[in-house]
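K.L.:
The structure's right below; bear with me while I get my questions together.
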Amino acid sequence: MKKTIATISVALLLSGCTVLESLKLAKFDTNEYGSVVDLRSYAQVVTPFCDEQSFDYDLVMQLHMLSTSMFNYAQFLPNNSDTIEMVKALHEIVQQFKAKYDTQGFVSNNYCRLKLQQIERSARRIQEAIGSKNR
Amino acid sequence: MNVTQLSHNIEEYRILYEAGDLSKEEYKDLLEGLKLEQIIHETEEELKLKIGLQANITTALKALSAIV
């Protein structure tokens, strides 16, 4: 009887380990978290500048730089597929924003504000997700 | 982003577009951005679920190890 219980327990342990293996997640990474916070903060700080006559292209470039750096940092971290997917989507939103300034002569104040809000909202959500990872 | 927030944003964009305060390209771009936000939201939910599940399994395994 004891042998049977032990065998079942070991089997459960092993299958548990297999499930855990498939759920393997990268632990909390301070740099990864920081890169998302930087992008979010920057989007927040520059949003009021959308109301000016023209939004300085340097601000667009800086935002794009922060986003590229965030994506490149997370890109090859092991067991990090969910975070990579999220930062990839956020980076695409930033690229859409930059592309608008690269290709269009006129970009409206409303578009500038709403797009930066999308970036800020998305970064906040990713920040929440990364923040809840195990330490 | 929940459905209510999403509907609110879509409505806000539509009103601005119809009032001529957003160009067609800008309107389209913003809607595409919402699609990406939706991906982020779904992935975040999944990640949170995995983190919770992982914690539960680890706890159960620890309890089982103590018995065995």
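The values are calculated or read from the model by the stated rules, or taken from the named source; none is laboratory data. These figures come from a predicted structure and were not determined experimentally. Don't worry about glycine lacking a Cβ; one is built from the backbone with ideal geometry, like all the others, and counts go over all protein chains shown.
K.L.:
For a quick check of your reading of the model, give me the residue pairs whose first member lies in the range A:11-40 and is away from every other protein chain (no Cβ under 13 Å) and more than 27 Å from residue B:62 (Cβ to Cβ), whose second is surrounded by 10 or more Cβ atoms within 10 Å (Cβ to Cβ) and at pLDDT below 85, with beta-carbon atoms closer than 9 Å and at least 6 apart or on different chains.
P.N.:
none
K.L.:
Can you tell me how many residues in the range A:86-128 are among the acidic types (Asp, Glu) and under 17 Å from residue A:47 (Cα atoms)?
P.N.:
Quick first cut of the range A:86-128, residues among the acidic types (Asp, Glu) only: A:92, A:102, A:120, A:128.
Now narrow it down to the ones that are under 17 Å from residue A:47 (Cα atoms): A:120.
Qualifying residue count for the region: 1.
K.L.:
Condition (residue is at pLDDT 90 or above, among the aliphatic types (A, V, I, L, M) and either farther than 17 Å from residue A:133 by Cα or in contact with an Asp or Glu (Cβ under 6 Å, 6 or more places away or on another chain) (or both)) applied to the range A:1-22: is it met by at least one residue?
P.N.:
Going residue by residue through the range A:1-22, those that are at pLDDT 90 or above are none.
No - not one qualifying residue is present in the range A:1-22.
K.L.:
Further, regarding this structure: Filter the range A:74-100 down to residues that are under 16 Å from residue B:28 (Cβ atoms) and surrounded by 15 or more Cβ atoms within 10 Å (Cβ to Cβ) and give me whichever is farthest from the other protein chains (Cβ to nearest Cβ). Don't jump to the end; show me each part of the working.
P.N.:
Here is the first cut: in the range A:74-100, the residues under 16 Å from residue B:28 (Cβ atoms) are A:92-93, A:95-97, A:99-100.
After this cut, where a residue has to be surrounded by 15 or more Cβ atoms within 10 Å (Cβ to Cβ) as well, the list is A:92-93, A:95-97, A:100.
Numbers: A:92: 5, A:93: 5, A:95: 10, A:96: 6, A:97: 8, A:100: 6 Å.
Across the range A:74-100, the extreme among qualifying residues is A:95.
K.L.:
Checking residue B:49 against (1) at pLDDT below 95; (2) surrounded by 13 or more Cβ atoms within 10 Å (Cβ to Cβ); (3) farther than 19 Å from residue A:93 by Cα, which single condition isn't satisfied?
P.N.:
All conditions are met except number (2).
K.L.:
Kindly provide the set of residues from the range B:33-68 that are at the interface with chain A (Cβ under 8 Å from one of its Cβ atoms) and among the hydroxyl-bearing types (Ser, Thr, Tyr), ordered by number. Working first, answer last.
P.N.:
Within the range B:33-68, the first condition is being at the interface with chain A (Cβ under 8 Å from one of its Cβ atoms), and the residues that meet it are B:33-34, B:36-37, B:39-41, B:43-44, B:46-48, B:50-51, B:53-55, B:57-58, B:60-61, B:64-65, B:67-68.
Hits for the range B:33-68 are B:43, B:58, B:65.
K.L.:
Can you tell me which residues in the range B:9-32 are assigned to a loop (DSSP other than H, G, I, E, B) and facing chain A (nearest Cβ under 9 Å)? If you could, list the steps in order and put the result at the bottom.
P.N.:
Of all residues in the range B:9-32, those assigned to a loop (DSSP other than H, G, I, E, B) come to B:19-23.
Selection gives B:21, B:22, B:23.
K.L.:
Right, here's the next one. Take the range B:18-65 and flag every residue that is among the polar types (S, T, N, Q) and closer than 30 Å to residue A:28 by Cα. I'd like the intermediate steps shown before the answer.
P.N.:
Keep residues of the range B:18-65 that are among the polar types (S, T, N, Q), which gives B:23, B:38, B:43, B:54, B:56, B:58-59, B:65.
The answer is B:38, B:43, B:54, B:56, B:58, B:59, B:65.
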